[in-house]
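> I'd like to ask some things about the structure below.
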Amino acid sequence: MYYLPEPPYFLIVVGLLMGITSGAAFEATLKQKVKQWSNDPSSNHLNQVQGLQLLLPFLGIAAGVCLFLTSGLEVFGFPAWLSFAVSISLTFLIGSLIWSQLGKLLIQLEKGGSRALDLDT
């Protein structure tokens, strides 16, 4: 008799909740750091905001997304090894691109303030 494993529906919910809660922590930390910088721009550079306090929630978002993707692929019948390979590589690629873009955005914000973000010119 062939045994068909139960898809990990619970892990989909766990990954989604993990990403949402880490995203809320990431947002609060980023807002706090930018507000501290805007009150006293000479205290520290904005590109140094990307420290451990911001990296941990970001990694939590990435882990939640990876778990969500892995479980979602397994629901559709993909084998576990393929689901892990696809979701880990996608999460690493997209996460590194977002982290890099965040650094560039913070540097641009530091150089020109919020006027540097205007798209009209």
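The values are calculated or read from the model by the stated rules, or taken from the named source; none is laboratory data. Since the model is a prediction, treat every value here as computed from it, not as a measurement. Note that we place each Cβ from the backbone using ideal geometry, even for glycine, and neighbour counts take in every protein chain shown.
> Within the range 51-94, how many residues turn out to be in a loop (DSSP other than H, G, I, E, B) and over 22 Å from F26 (Cβ atoms)?
Of the residues in that region, 4 qualify.
> Sort through F76, F68, F84 and tell me the only one that's touching a residue at least 40 places away in the same chain (Cβ under 8 Å) and closer than 16 Å to I12 by Cβ.
That would be F68, the only listed residue that is touching a residue at least 40 places away in the same chain (Cβ under 8 Å) and closer than 16 Å to I12 by Cβ.
> Anything in the range 63-103 that is within 19 Å of Q50 (Cβ to Cβ) and out of contact with any helix residue (DSSP H, G or I) (no Cβ under 9 Å at 6 or more places or on another chain)? List them, or say none.
L93, S96, L97, S100, Q101
> Of all residues in the range 73-107, count the ones that are out of contact with any Asp or Glu (no Cβ under 8 Å at 6 or more places or on another chain), crowded, with 19+ Cβ neighbours inside 10 Å and more than 30 Å from W37 (Cβ to Cβ).
Number of matching residues: 3.
> For residues that are among the charged types (D, E, K, R) and either touching a strand residue (DSSP E or B) at 6+ places or on another chain (Cβ under 6 Å) or at pLDDT 85 or above (or both), tally how many sit in the range 1-44.
Counting residues in the range 1-44 that are among the charged types (D, E, K, R) and either touching a strand residue (DSSP E or B) at 6+ places or on another chain (Cβ under 6 Å) or at pLDDT 85 or above (or both) gives 2.
> Would you confirm, using the coordinates I've provided, whether I94 is at pLDDT 85 or above and more than 22 Å from E6 (Cα to Cα)?
It is true that I94 is at pLDDT 85 or above and more than 22 Å from E6 (Cα to Cα).
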